[in-house]
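Reading through the structure tokens given below for one structure.
The values are calculated or read from the model by the stated rules, or taken from the named source; none is laboratory data. Nothing here was measured: the structure is a model prediction, and the numbers come from that model. For neighbour counting, all protein chains shown are included, and Cβ atoms are generated from backbone atoms with ideal geometry for every residue, glycine included.
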Amino acid sequence: MLPSRSVGIDSIGVAFPAQYLELADLAEARGVAPSKFVDGLGIRRMAVPAQDEDTVTLAARAAREALQHASSSGEDVGLLAVGTETAVDHSKPVASFVQGLLGLPRAMRVFETKHACYGGTAALQLALDWIRSGSARGKKALVICSDIARYGVRTAGEPTQGAGAVALLLSENPRILQLDAGQSGVFAQDVNDFWRPLYSKDAVVDGHYSVKCYLEALEGAYRDYQSLTGPASEGFFSDRFAALAYHVPYGKMAVKAHRHLRGLDGDPTPEASFDRLVGASLRFPSEIGNVYTGSLYLALTSLLATSGTELEGQRVGLFSYGSGSCAEFFSGTVCAGAIARMQSLRIAERLAARRKLTVDEYEAIMAARERMDSRAPEAAAPAPFQYLGVEEHRRTYGPGLS
Ligand code: CAA
């Protein structure tokens, strides 16, 4: 029997670049009908990182917000893990840079986890069990999902790029989402659907095959979850959830996922429940694009920040997918007061305040990023948690305090 501690997400912090590309503009520049990107893929805009931003700076900003939102100085954190597939070093973890930038205490475990977009969920699950087991002795865990999704210009994956980080502060008696213990359906298989060779900054993807692998993994993880929780007593199994959040590489993938899942339930009209169960989770992802490890948690943020308080006390289902592959279907109950707490992050307002890039500006940024890992980025106005370049093989960052 697992201990019956109430454990889950106590606060969430989100970071994304202050500039974006309109997908309709990109479509026009590539000679593609805008409706293909906007309706066919379900993405309106994608975030484009500035030259002084990387996986570390995004992670540090998200983590600072999660800590501030919980009124934590960081002294109560005993585990810091960053899930990422776009790390900045082969050996030193992104988490160590974050520990330094935030001035977090030394009595803690600090490490990085990798399994494509599933890396953050791997860290989340082990951190939850660390707290549930009692080993944490009252300390909290800070799990950060941070990535810059990059396929390169003029590739099929180009419209499905993005950048951002989501930080999750995990604790006992959480105030956002209490996660169900021992109720996780898992699925893994060795496939080559999406990967990034050691010699490449851009991901390589077998796009249509990756969609097939995602759906196969969803089916496996969902069936495993059902085997743990028992069949639906009446109606469709997924109606036990008030909402669902999927990994969202692009909005249309969530449509395909939901259609597949309801089909497994035996629903003869598998898309009819989409707006009710999934719609709210896609608002922020459609403005930011794919954020790899953070994608599911950006969808969860969107769901909580744009729903009404009737979601509080209700169970939600979550699906995480990492190519390669590993997937997990798990669930939790939205805490009382969570909706107001998430709305106070004012994410919709922050998204609306971003600067729109032209396609030429975006292409210049993509070209400049090729050189970013070996020299200083072009001078920018000083900002908190700024990437300053490489000196004597050491990656350097500006301070976090503005
Ligand atoms: N108006 C409206 N819709 C249009 C249209 C138009 N003018 N033209 C085409 N479409 C529709 C198509 O019908 C299609 O819809 P369906 O999927 O419902 O059939 C959709 O637009 C996309 O069209 P294509 O399949 O022809 O697009 P594509 O071949 O250019 O590539 C892609 C699509 C494979 C997703 C590609 O963008 C890609 O490789 N992306 C990266 C990989 C990815 O995100 N995979 C997801 C699963 S893996 C995962 O989830 C992990 C991860 O984060 C990467």
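Which ones in region 40-55 are assigned to a helix (DSSP H, G or I) and either in contact with a strand residue (DSSP E or B) (Cβ under 8 Å, 6 or more places away or on another chain) or more than 24 Å from residue 293 (Cα to Cα) (or both)?
Of the residues in region 40-55, the ones assigned to a helix (DSSP H, G or I) are 40, 55.
Matches in region 40-55: 55 only.
Taking into account only those residues within region 235-250 that are of a type outside the set (A, V, I, L, M, F, W, C) and within 11 Å of the ligand (Cβ to nearest atom), which is surrounded by the fewest Cβ atoms within 10 Å (Cβ to Cβ)? I'd like the intermediate steps shown before the answer.
Taking region 235-250 as the starting set, the residues that turn out to be of a type outside the set (A, V, I, L, M, F, W, C) are 235, 238-240, 246-247, 249-250.
Of the ones still in play, those that are also within 11 Å of the ligand (Cβ to nearest atom) are 246-247, 249-250.
Numbers: 246: 28, 247: 29, 249: 29, 250: 25.
This residue is 250.
Residue check, residue 196 against (1) buried (at least 20 other Cβ atoms within 10 Å of the Cβ); (2) basic (Lys, Arg); (3) within 15 Å of the ligand (Cβ to nearest atom), all met but one. Which one?
(1)
Kindly list, by first and then second residue, each pair from a residue in region 281-308 that is on the phi > 0 side of the Ramachandran plot to a residue that is part of a helix (DSSP H, G or I) and not hydroxyl-bearing (Ser, Thr, Tyr), limited to pairs with Cβ atoms under 9 Å and residues at least 6 apart or on different chains.
Partner pairs satisfying both residue conditions: 289/23; 289/159; 292/119; 292/120.
Would you be able to say whether some residue in region 374-382 is within 18 Å of residue 102 (Cα to Cα) and surrounded by 10 or more Cβ atoms within 10 Å (Cβ to Cβ)?
Filtering region 374-382 down to residues within 18 Å of residue 102 (Cα to Cα) leaves 382.
Subset that is surrounded by 10 or more Cβ atoms within 10 Å (Cβ to Cβ): 382.
Yes, there is a match, as at least one residue in region 374-382 is within 18 Å of residue 102 (Cα to Cα) and surrounded by 10 or more Cβ atoms within 10 Å (Cβ to Cβ).
Quick check: anything in region 127-134 at pLDDT 95 or above and either in contact with a helix residue (DSSP H, G or I) (Cβ under 9 Å, 6 or more places away or on another chain) or under 30 Å from residue 34 (Cβ atoms) (or both)?
To start, the set of residues in region 127-134 that are at pLDDT 95 or above comprises 127-134.
Pick out the ones that are also either in contact with a helix residue (DSSP H, G or I) (Cβ under 9 Å, 6 or more places away or on another chain) or under 30 Å from residue 34 (Cβ atoms) (or both) and you get none.
No, region 127-134 contains no residue that is at pLDDT 95 or above and either in contact with a helix residue (DSSP H, G or I) (Cβ under 9 Å, 6 or more places away or on another chain) or under 30 Å from residue 34 (Cβ atoms) (or both).
Here is a list of conditions, (1) within 14 Å of the ligand (Cβ to nearest atom); (2) farther than 12 Å from residue 325 by Cβ, and residue 225 meets all of them except one; can you say which number that is?
Failing condition for residue 225: (1).
Can you name every residue in region 131-157 that is on the phi < 0 side of the Ramachandran plot, basic (Lys, Arg) and more than 13 Å from the ligand (Cβ to nearest atom)? Lay out the reasoning, then the answer.
Step one: of region 131-157, the residues on the phi < 0 side of the Ramachandran plot are 131-133, 135-136, 139-151, 153, 155-157.
From what is left, the residues that are basic (Lys, Arg) are 132, 139-140, 150.
Residues satisfying the conditions are 132, 139, 140.
Can you confirm whether residue 163 is hydrophobic (A, V, I, L, M, F, W, C), within 16 Å of the ligand (Cβ to nearest atom) and closer than 24 Å to residue 344 by Cα?
Numbers: hydrophobic (A, V, I, L, M, F, W, C): yes; within 16 Å of the ligand (Cβ to nearest atom): yes; closer than 24 Å to residue 344 by Cα: yes.
When the stated conditions are applied, residue 163 passes them.
Given the conditions (1) surrounded by 16 or more Cβ atoms within 10 Å (Cβ to Cβ); (2) under 26 Å from residue 35 (Cβ atoms), and given that residue 296 satisfies all but one, which numbered condition is not satisfied?
Unmet condition: (2).
Could you please give the count of residues in region 289-312 that are assigned to a helix (DSSP H, G or I) and within 16 Å of the ligand (Cβ to nearest atom)? Lay out the reasoning, then the answer.
Within region 289-312, the first condition is being assigned to a helix (DSSP H, G or I), and the residues that meet it are 292-305, 309-311.
If we keep only those that are within 16 Å of the ligand (Cβ to nearest atom) too, we end up with 292-300.
Residues meeting the conditions: 9.
Out of all the residues in region 255-271, is one or more crowded, with 19+ Cβ neighbours inside 10 Å, of a type in the set (Val, Ile, Thr) and either in contact with a Leu (Cβ under 8 Å, 6 or more places away or on another chain) or closer than 16 Å to residue 296 by Cβ (or both)?
no
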